[in-house]
Amino acid sequence: MKNPIAQGLITIVLFFGTWFILAQIDWITVFRVQRVTDRTDEKLGNLLWEMIQESEEENVNPFVINSVDSIVSKICSANNIERQLIKVHIIEKDDINAFALPNGHLVINSGLILNSDNQEELSGVICHEIAHVRLNHVMKKLVKEVGLSVLISMTTGNRGSEVIKETVKTLSSSAFDRNLEKEADIEAVDYLMKAKINPEPFANFLYKLSDKENEATKYLTWISTHPDSKERAEYIIEYSGDKKIAYEAILKSETWDKLKEKLME
């Protein structure tokens with residue numbers, strides 16, 4: 001028979017031990033940092049996008065924009081993501097790349113779309129980047145690699161354009177750590193399946209990139225920012241499994257073909 005007195009003492013010790021640990025945390029500072037980070041996220045996202053606009057050509061073709069928006073809107077609708085929180089920008093650049101900025105800005109290179117064999121591959125990459133946004137990976141990465149004080153000073157005009165350019169480079173050409181990448185991959189597969197988009201082409205896209213990892217080409221930017229492509233493809237296939245889902249195409253095949261034609265004009 002258990003000793004009720006001993007059990008009571010253990011309960012008391014656990015209670016006061018937990019209370020003592022929680023009392024050591026400066027909750028005011030924690031919440032203040034979160035509020036500052038949220039405000040910085042919005043200002044920083046707009047600032048970084050404005051910097052990209054100054055140096056890159058944005059595609060404003062209505063057909064291109066509407067076609068990609070159809071994919072993003074379907075993903076958001078199926079996953080209860082507020083559509084207006086994801087701000088999609090398509091830029092004319094050959095690099096096979098897409099990356100997220102703070103405040104929900106999603107930058108997609110035309111080269112990524114042109115090198116996607118089908119809309120499902122593109123959808124997988126889009127879901128992966130939306131996952132980075134939704135899981136707050138973008139700000140976590142910037143706070144870790146750039147520093148919160150530097151980010152705040154950028155939004156108050158106390159940092160020059162070179163610092164802003166380097167911050168853009170950090171997001172567009174350097175990798176997230178392995179754990180964040182896997183978390184975004186798994187979240188992306190969930191997004192895809194809820195939107196009835198087959199996740200297997202996303203894995204195939206990663207296999208395709210892994211085959212090219214040793215090629216000396218400057219255009220495979222998404223490889224350098226998302227390493228271990230083969231390993232990632234394998235766990236995506238394993239995670240998605242053999243679920244009984246009736247997958248559907250978002251765009252008609254002729255719309256997908258025309259999207260690529262418009263980008264090549």
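Are there any pairs with C-beta distances below 6 angstrom linking a residue in the stretch 86-115 that is on the phi > 0 side of the Ramachandran plot to a residue that is in a loop (DSSP other than H, G, I, E, B), with the two at least 6 apart or on different chains, and if so which?
From residues that are on the phi > 0 side of the Ramachandran plot, the pairs are Gly104/Ile86.
Among all residue pairs at least 6 apart or on different chains, which show Cβ distances below 6 Å where the first residue, located in the stretch 162-176, is assigned to a helix (DSSP H, G or I) and the second is of a type in the set (D, E, K, R)?
That search, which allows pairs on different chains as well, returns Thr170/Glu145.
How many residues does the stretch 76-122 contain that are in a helix (DSSP H, G or I), closer than 26 Å to Leu142 by Cβ and not aliphatic (A, V, I, L, M)?
8
Can you confirm whether Ile186 is more than 19 Å from Glu231 (Cβ to Cβ) and among the aliphatic types (A, V, I, L, M)? Please lay out each step first, then the result.
Values: more than 19 Å from Glu231 (Cβ to Cβ): no; among the aliphatic types (A, V, I, L, M): yes.
Judged against the criteria, Ile186 is not a match.
If you scan the stretch 253-265, which residues turn out to be within 14 Å of Glu120 (Cβ to Cβ) and open to solvent by 50 Å² or more (accessible area, probe 1.4 Å)?
Ser253 - this is the single residue of the stretch 253-265 that is within 14 Å of Glu120 (Cβ to Cβ) and open to solvent by 50 Å² or more (accessible area, probe 1.4 Å).
The values are calculated or read from the model by the stated rules, or taken from the named source; none is laboratory data. All of these numbers come straight from a predicted model, not from anything done at the bench. FYI the Cβ positions are ideal-geometry reconstructions off the backbone, even for glycines, and counts take in every protein chain you see. The accessibility values were calculated without ligands, DNA or RNA, using every heavy atom of the protein model including side chains. Shrake-Rupley method; radii C 1.70, N 1.55, O 1.52, S 1.80 Å.
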